[in-house]
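Here's the structure, in structure tokens; my notes come after.
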């Protein structure tokens, strides 16, 4: 095949492709998917795969639905927000005293789950030299609550407002005195243990503040006063306040607090690379196997066909499961690709053989042989180019199979536990009982993503098939 | 070659495949089981060493304790057959598996400890679910496929192709999860777990069983009927282009008779084979779908075996699935041969 011929056929192909609506949709979807996979580090953060299987997600809320559900529900849930030092007002009072103000606009029916303060960096080594911190909350109704008084802080201090005992006691006492609710001692102990600190902090002061707090909307100011013995002993440049939300980001979080959106984006990489690698490898192997079988003929053909039939008569998934179990559930991605290729080439080889058998008997092959062409030349110059169109459409059509089988294996816990894959996400969802708890944001998106990859390749494959194998068009 | 001879060769081939697969799988199995047995022996000895009399022995006479430990280790090794060579174990495992003796599970599943008994309980349930599903799919598929073939190129036909493509890209088990989410959690219409209540008896038991079967059944049908209808359509269109259909129409046979009497009869061999192959395919997808629904069939067993690393159980279910798969291939062949006499001679 000369270069001009190639150009010509590429032009013809593009011309015909324009009339395949499905193919164009498939192509556009594929371009989107590939760019998502390529730009994953920029869309989310580049350290997601590294952090995925480790427990680095503690600051995120668990099982939080996506933030946009607020548009569809009457009850507004506080989203996840992170305040860095730039978002706060810092006043230096001199003499080692600093006042940090965090302004939080509460317009939600359900306040944040927790507020986590961390990132104090002190150089004080002596316990008595450690800076002291006092936190005061100024509420929109004019009330002020001292949440914490003169707490000594060190570099590894992490303060969780909702569960901190001192804060809990202070909030409880404040709520009791300001609302004037009468409680008997037994009730008091029970309430103190069970109360939701955040709901009281962000609730209206009335008789029902303990039983069913009504949200108080408006501007809340957290005033954090830090007193250190010396100006240099505290560095607040990494200080953050995490308002742990009842909702999180674009796609919510799972039971470990992992960002599902990040998982979806990064999963595209694994899914596409596994799918394409399996499809290309198995189709190439299948074509070579089939053509070799047809070209050599005789006992070699018989032998190769017996083996092909043997592979064809095996149920794929049970055997794959057994092989996966043999690797003890730590099958890395390369192994998964090889396992899928092991069974993927069989069908292609059958069709390629029958196609090659037809081509082999045609007169132009005979002519080539009469002119003294060797086996290699006949196979690669005359037979292969005729089979390649079929091979290309088969590659596209094999991708969905590979993607789904990979997801199925991961779903059974036989995938690569360190990789971010959609099947793995669904496996975690199944184990955490996501379906019976109604965590739809965890169950639906990964499956839709799998279906989307499948659909785009099916559309592309069918369009290629129609263009490259015109015999099928009558159907 | 007579049909009986042809069938004989097919069965012989299938048996060879089965024996070979069992042998290869046994090699893997023995390797896994060896590590498994070693850890279990260590566990058993550690447990027994906590016995007060043995602790006393250890304190008074460490040598005697070591001797007891060695003896016990030898005894356990014999029990777990670790004293035999690797290939001896592989051969005996292959033989036992072929004779359906899979050994015991470590903890009871479905109230049974013997793997063969567990599988015996699971198979009818899988067959019940997927045969019912396949019957429904076949009917819906035939009706839709014939309709689409009659109106090839029209709106109905195009809609069917789109539907087939869409549902073919959905993983069946994921659709199951979504169905649970919608129908069990959100609407509360069906139970999330399809495990039947064992306390019920008689009529009430069957009613409970059917009620719990509906959701998995709906899942399988929903995912498969589009693709199946599309296949039927393609087979029907090919048949409708043949000369005998034109002849039938030309001599004035009513259109319904042409379709159901002439075309469908001629198209039946590939349709029937496809139904059987569909059943085989569902065995694969079924593994995970059953696990999602807690349907206590073969798929559930795979899930249990993998989650609790029950090696014997995994070996048993794999063997039975492969054997069933091979058997169904032969049955498909026989039925094809019955419906289309041309294939009976040679091939």
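Every number in this text was worked out from the coordinates using simple rules, so none of it is lab data. Just so we're clear, the structure is a prediction, and the values are computed from it rather than from any experiment. Don't worry about glycine lacking a Cβ; one is built from the backbone with ideal geometry, like all the others, and counts go over all protein chains shown.
Please report, to two decimal places, log10 I(q)/I(0) for region A:208-248 at q = 0.21, 0.28, 0.34 Å⁻¹ as given by the Debye formula with identical point scatterers on the Cα atoms and no solvent. Evaluating at q = 0.21, 0.28, 0.34 Å⁻¹ gives log10 I(q)/I(0) of -0.95, -1.16, -1.16.
The residues A:134, B:97, when put in order of fewest to most other Cβ atoms within 10 Å, stand as A:134, B:97.
The label point for residue B:242 and the one for residue B:71, both projected 7 Å from the Cα toward the Cβ, are 7.9 nm apart. P(r) tail for region B:83-138: Cα pairs beyond 12 Å make up 73% of the total. Counting every other Cβ atom within 10 Å of each residue's Cβ, A:152, B:89 order from fewest to most as A:152, B:89.
In units of the compact-protein estimate 2.2 N^0.38 Å, region A:258-373 shows a Cα radius of gyration of 1.43. Histogrammed with a bin width of 5 Å, the alpha carbon distances of region B:70-192 distribute as 2, 8, 8, 10, 12, 12, 10, 8, 7, 8, 7, 4, 2, 2, 1, 0, 0 percent, first bin at zero. Dimensions of region B:3-99 along the principal axes, based on C-alpha atoms and rounded to the nearest Å, stand at 78, 19, 17, largest first.
Placing dummy labels 7 Å off each Cα toward the beta-carbon, the span from residue A:212 to residue A:311 is 6.6 nm. Label zone of residue A:362 (point 7 Å out along Cα→Cβ, amide N under 19 Å): in region A:388-423 this covers A:388-394. In this calculation the C-beta distance from residue B:273 to residue A:381 is compared with R0 = 51 Å, giving a FRET efficiency of 0.85. Computed over chain A, the alpha-carbon pair-distance distribution with 10 angstrom bins reads 4, 15, 19, 17, 14, 11, 8, 7, 4, 1, 0, each value a whole percent.
The Cα center of region B:229-246 and the Cα center of region A:126-188 differ in position by 79 Å. Normalised by 2.2 N^0.38 Å, where N counts its residues, the alpha-carbon radius of gyration of region A:344-475 equals 1.53.
With the convex hull drawn around the C-alpha atoms of region A:16-162, the volume per residue stands at 209 Å³. What is region A:298-447's relative contact order, in percent, from Cα pairs under 8 angstrom and six or more apart in sequence? Once normalised by length, the contact order is 25 percent.
Per-residue shielding of B:163-173, expressed as the average number of other chain Cβ atoms within 10 Å of the residue Cβ, stands at 6.
Exposure proxy ranking for B:135, A:234, based on other Cβ atoms within 10 angstrom of each Cβ and starting from the fewest, stands as B:135, A:234. Over chain A, what is the mean sequence separation of C-alpha contacts under 8 Å (at least six apart), divided by residue count, expressed as relative contact order in percent? For chain A, the relative contact order is 22 percent. Shown here: region A:67-244, whose C-alpha atoms stretch 46, 43, 26 Å along the first, second and third principal axes, sorted largest to smallest.
Taking the helices alone, the protein assembly as shown has a mean residue ellipticity at 222 nm of -20500 deg cm²/dmol, built from -39,500 (n - 2.57) per DSSP H run of at least 4 residues and averaged over all its residues.
If you take the alpha carbon atoms of chain B and fit the smallest convex hull around them, that volume is 191 Å³ per residue.
Annotation for region A:328-380 versus region B:50-85: alpha-carbon center distance of 59 Å.
Over all pairs of different C-alpha atoms in the protein assembly as shown, the reciprocal of the mean inverse distance, the Kirkwood hydrodynamic radius, equals 32.0 Å. Spin-label model, residue B:139/residue A:5: points 7 Å from Cα along the beta carbon direction are separated by 5.6 nm.
Hey, what does the equivalent ellipsoid look like for region A:245-320, semi-axes from the Cα gyration tensor as sqrt of 5 times each eigenvalue, largest first, whole Å? After scaling each eigenvalue by five and taking roots: 46, 15, 5 Å.
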